[in-house]
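The values are calculated or read from the model by the stated rules, or taken from the named source; none is laboratory data. Computed from a predicted model, the values in this text were never measured in an experiment. Glycine gets a Cβ as well: all are built from the backbone with ideal geometry, and neighbour counts include every protein chain shown. For accessibility, only protein heavy atoms count, side chains too; no ligands or nucleic acids. Shrake-Rupley method; radii C 1.70, N 1.55, O 1.52, S 1.80 Å.
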Amino acid sequence: MESRYEPAEIEGKWQKTWAELGLDQTPTNSNQPKFYALSMFPYPSGNLHVGHTRNYVITDVIARLKRMQGYRVLQPLGWDAFGLPAENAAIERGIHPAKWTYKNIAHMKEQLRPLGLSIDWSREVTTCSPDYYKWTQWIFLQFFKQGLASQREAAVNWDPIDQTVLANEQVDNEGRSWRSGAKVERKLLRQWFLKITDYAEELLNDLEKLSGWPERVKLMQANWIGKSVGAYLEFPIVGMEEKIGVFTTRPDTVYGVSYVVLAPEHPLTPKITTAQQKAAVDAFIQQVAQESELERTAEDRPKQGIPTGGKAINPFTGEEIPIWIADYVLYEYGTGAVMGVPAHDARDFKFAQAKQLPIKEVIVPKEQDSAASKIEKAYTETGILVNSDQFNQMDSVEAKSAIIEYAEKQGWGKAKVQYRLRDWLISRQRYWGAPIPVIHCPNCGTVPVPDEDLPVQLPEDIEFTGRGLSPLAQLESWVNVPCPSCGTPAKRETDTMDTFIDSSWYFLRYPDANNDQQAFDPAKTNDWMPVDQYVGGIEHAILHLLYSRFFTKVLRDCGLLNFDEPFRHLLTQGMVQNTAYKNPVSGKYIPPAEVDSDNPKDPETGEPLQVFYEKMSKSKYNGIPPEEVISKYGADTARMNILFKAPPEKDLEWDDADVEGQFRFLNRVWRLAVEFAAGAADYSAATPQELTKTEKDLRRAIHTAIKEVSEDLEGEYQFNTAVSELMKLSNALADASCKDSPVYAEGIETLIKMLAPFAPHIAEELWHAIGYSESVHMQSWPPFDSAALIADEITLVIQIKGKTRGTIQVPAQADKQALEKYARESEVAKRHIEGKEIKKVIVVPGKLVNFVVV
């Protein structure tokens, strides 16, 4: 065996051996407990940097550990391969999205391979492959059959020059198209929605079941679902039969409603607008159509509005009140209308002041029994009702239910629970996504594509211009088909699905990834699910995780799954940061290769650069390809640095000096094992009773390490402190004077076994070097012997008047009387108390004896 540690010579060798032995294949033996370890699958953007690999290394350590602990482990990986970047590449470079995507997948797999990840690649899924999206389409049709998928009008971002729909990320911060530069408009189009709101209450309540999730993620989901308890109230429109419905959490303020506001795009807006106001209202609607949702709802922006001329009646007071339209009311949210109570809502107060609308106080603090003569600001706290007819002097909290009950009796409204969560808009007017599998027939309406005709495949002969409607809508040979029900000429749906659909069920496919007859065999998927450990970025805390939970519950209700939640434990790993150089004047980032790190200046302008740590990314020029680190130090060092530098949920600052430190540690372990292998003897079994003090101390260090590392790798994983414990054990072995003892052999074997999940290649090499032929990854995790931690002797501190003067070794079981005797007889004490009077002796069992002398 080589005396020097040369990662390049061992890592490829063992990866080949593991593949030949099938060590990474998923076991089918169901006698063992299961463990499903999963990393969120990557988008094949083309290049990985070290930051991306943190996710996969963390999951791999967990998977390798669980195998050694006796679990059958499933650790797959695949590709979230549909999406906008591939289509943009087609427009900009003339390369087909499929070709661009598969080329990137091949490159990224080649980048991942050297890391030694124990992934079962036989279960790889690629969401843009027809054999995957066939089942995405099939699942969509299950939603359709359950009444959970439907089409209705909704606003989209519209580029008036290119005449095309834009995703939010294609609109810049000035509200302009990324391609044409045109001011983006809001336009109504028929869109497909999934009725996630039907599951809002269960999605909210079941967060309590997720004890293995970070609290902040559960809070983010709860806030996104946004449950509000209140009332639905209706305001009749003067001169019309229609009524304006609003939802409010403050029915106690209804007597203070002095106006109502509609969304500009509300269907009632043109009906209630008077002839005198029509021109102004139309101009305002056109102006608002050019604003994004973010612009319209921004807190720090003045609210814009205009009267329609129409009037409504507040049924509680009988008063006529004006109907306005305003930019801050969105038709997609709630009822698309709100009631204005300026005395008790800060936004309404500002709006009413700006527009000179009446402000009527109906709640006052409990110590005040009547309305104020002048209102300086909105009063939003609880209090006592005034100016509210029969509810005057009632506590405002009690008044809520009393007013709702009164409204129900009068037919003016009812109690209602509302959610911030909207139905999920899944339509995309783009090519590179799963086609929505329905056909629009003039006779039969919307007809699902029959199961036997799935998948509805994306056509290959497509021209990508970035202009006009979806590329699919422009291909008549693909659009025009006979209705599957009646044979009448009909048209395919030309929208494709949001790519979040693909990632909302991929984890259900892995347990049965090669099934060409079903999306998955329920028996296999129910056996492996839920995922025991899910690892991914905090940026997916809301949408991806929420949609995956929704899909799981729907498919459960379809009889396909027998569990409620898809992910038992969630680890949201922090980002990997690296040094970035930025010109503060131009805002441009400068590649490190062009900068003198000792005197960082812009190479073009000579201006001083800002230097700071920022998330690794292509646009910041600070991403480090994994192969760069691996070629210099090896995969095991790269893995160890990723794991040691910071707790997994915290951000990690990449530093070459830290990488060097891990490389040195692995070299120390290498030398320990090589020296041990060179002098290895045939040890006779020794029982703990026969051990010398030195051996007992070493065995205590070994089993302390087993205990600490095992605890660090349970529950909330603390890989950084686990690696620290491995370093301590390595130091204890290096310092041990009993290198010819069976205890030392136990220590070397224990160190190699516990190192195996972290640094799999060096552990395998050293395991074979010390005489074993079977893989270290097939060994059991070292068992912890609590008896080894019990010390025969302890170190007793001797103090004189509270000052430590020395230590002695004493039997661990000695009582207070014996400890005082040992201390008095010690050379340390004799030196300091001889000829002096001992006034008091303080004994702290197991720690110290303190003599107070005069």
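Worth pointing out:
- Nearest 10 degrees, 0 to 90: helix 215-225 Cα axis against the chain principal axis: 10
- The range 760-798: GluC sites (Glu not before Pro) in DSSP coil with no more than 15 other Cβ atoms inside 10 Å: Glu774
- Percent carbon-and-sulfur accessible area, the range 577-633, ignoring ligands, DNA and RNA, probe 1.4 Å: 48
- Per residue accessible area of the range 566-670, 1.4 Å probe, in Å²: 48
- Selection of GluC sites (Glu not before Pro), the range 508-617, meeting DSSP coil and at most 14 other Cβ within 10 Å: Glu604
- Protein heavy-atom accessible surface, 1.4 Å probe, per residue over the range 314-385: 48 Å².
- Sequence-distant residues sharing a close amide H with Ile800 (under 5 Å, placed H): Arg805, Phe851
- The angle separating the long axis of helix 50-68 from the principal Cα axis of greatest extent in the chain is about 60 degrees.
- Amide proton proximity set for Gly574, modelled H, under 5 Å, gap of 5+: Glu649, Lys650
- Lysines with Cα under 22 Å of Lys360, excluding same-chain neighbours fewer than 8 positions away: Lys303, Lys311, Lys350, Lys374, Lys377, Lys400
- With θ taken as phi - 60° and the Karplus curve 6.51 cos²θ - 1.76 cosθ + 1.60 applied, the whole-hertz 3J(HN,Hα) list for the range 379-390 is 9, 10, 8, 6, x, 10, 6, 9, 6, 10, 6, 5 Hz, x standing for glycine and proline.
- Dipole magnitude (debye, nearest 20) for the range 745-805, charges at Cβ of Lys, Arg, Asp, Glu: 660
- The value of relative contact order for the chain, using C-alpha pairs under 8 Å at least six residues apart, is 13 percent.
- Surface share of carbon and sulfur [accessible, 1.4 angstrom probe, percent] for the range 1-144: 50
- Rounded to 10°, Cα long-axis angle of helix 130-145 versus longest principal axis of the chain: 50
- Rolling a 1.4 angstrom probe over the range 706-854 with all protein chains present gives an accessible area of which 49% lies on carbon and sulfur atoms.
- Among 712-720, 649-657, the order from most to least packed when residues are scored by Cβ within 10 Å on average: 712-720, 649-657
- Each Lys and Arg adds +1 at its Cβ and each Asp and Glu adds -1 at its Cβ; summed about the Cα centre, the range 694-743 shows a dipole of about 240 debye.
- Pairwise centroid distance, computed over Cα atoms, of the range 748-776 with the range 355-426, Å: 70
- Couplings 3J(HN,Hα) of the range 352-365, computed from phi: 5, 4, 5, 9, 6, 9, x, 10, 10, 7, 10, 9, 10, x Hz, in residue order, whole Hz [Karplus 6.51 cos²θ - 1.76 cosθ + 1.60, θ = phi - 60°; x for Gly and Pro].
- Accessible surface, the range 730-854, averaged per residue in Å² (probe 1.4 Å): 50
- For Kirkwood radius over Cα pairs in Å, calculated from these coordinates, the label among (i) 32.7; (ii) 30.0; (iii) 33.4: (i)
- Farthest positive-ward along the range 57-147 dipole, Cα basis, beta-carbon charges - from Leu115, Val61, Phe140: Val61
- For the range 235-362, share of DSSP beta bridges that run antiparallel, in % to the nearest 5: 80
- Accessible area ranking (1.4 Å probe, heavy atoms, ligands and nucleic acids excluded), largest first, for Trp121, Trp192: Trp121, Trp192.
- Computed magnitude of the charge dipole of the range 372-513 (debye, nearest 20; Cβ of K, R +1, Cβ of D, E -1): 560
- For the range 648-780, the spread of Cα positions along each principal axis, largest first, Å: 48, 28, 26
- Cross-link pairs Lys195/Lys271; Lys366/Lys409; Lys227/Lys278 - those with Cα-Cα distance over 31 Å: Lys227/Lys278
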